[in-house]
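Engineer: The structure's right below; bear with me while I get my questions together.
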Amino acid sequence: MVQAVWALLQNGAEAALAAPAPPRVTLSIAGGDRLTVEVADSGTGIAAADRARIFRPFHTDKPGGSGIGLTLARRIARAHGGELVLLDRGETSFRLTVPV
């Protein structure tokens, strides 16, 4: 799980630093019967055409990127009986949930 959250934070930091706005990455964690982790950033967002492809292996828009971070994060979540989704918000936000 640490590797999945790290991938989300790393992507968020890279996106926020590349944007013209002041960089910001937020991490929210909630418990209960499911652990919910949300990561959002102040980057320029994900283009509508790319939203369906971001979890595909080796898909990347970053120079020098490997395209495995989000794929691996989603596989880790699913291996723990959870899910990783891109939220439909104004900013780039991901929600990772796993059963407790």
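The values are calculated or read from the model by the stated rules, or taken from the named source; none is laboratory data. For clarity, every value in this text was computed on a predicted model and none was experimentally measured. Cβ sites come from the backbone with ideal geometry, for glycine too, and all protein chains shown count toward neighbours. Areas reflect the complete protein model, heavy atoms only, side chains present, ligands, DNA and RNA absent. Shrake-Rupley method; radii C 1.70, N 1.55, O 1.52, S 1.80 Å.
Engineer: Report, to the nearest whole %, how much of the accessible area of the chain belongs to carbon and sulfur atoms, 1.4 Å probe, protein only.
Structural biologist: About 58 percent, which is the carbon plus sulfur part of the accessible surface.
Engineer: Once ligands and nucleic acids are excluded and a 1.4 Å probe is used, how much of residue 68 is accessible, expressed in Å² to the nearest 10?
Structural biologist: 80
Engineer: About the Cα centre, and with charges only on the beta carbon of Lys, Arg (+1) and Asp, Glu (-1), how big is the dipole of the chain? Nearest 20 debye, please.
Structural biologist: 240
Engineer: Taking Cα pairs under 8 Å and at least six residues apart, what relative contact order does the chain come out at, in percent?
Structural biologist: 30
Engineer: Here is a follow-up. Angle check, please: helix 69-79 long axis (alpha carbons) against the longest principal axis of the chain (alpha carbons), in degrees 0 to 90, nearest 10.
Structural biologist: Helix 69-79 and the main axis of the chain meet at about 10 degrees.
Engineer: Next up: Considering the options 30, 68, 47, tell which one lies farthest towards the positive end of the dipole of the chain, charges being +1 on Lys and Arg and -1 on Asp and Glu at the Cβ, about the Cα centre.
Structural biologist: Final value for the positive-end residue is 68.
Engineer: Sticking with this one: Roughly how many Å² of residue 56 are accessible to a 1.4 Å probe, to the nearest 10?
Structural biologist: Only protein atoms counted, so the area is about 130 Å².
Engineer: For Cα extents along the principal axes in Å, the listed values are [x] 78, 42, 35; [y] 38, 27, 22; [z] 49, 30, 22; which was obtained by calculation from the structure presented?
Structural biologist: [y]
Engineer: Compute the angle between helix 2-18 and the longest alpha-carbon principal axis of the chain, please, reported from 0 to 90 degrees and rounded to the nearest 10.
Structural biologist: 20
Engineer: Next up: Rolling a 1.4 Å sphere over the protein heavy atoms, what is the accessible area per residue of the chain, to the nearest Å²?
Structural biologist: Per residue, the chain has 59 Å² of solvent-accessible surface.
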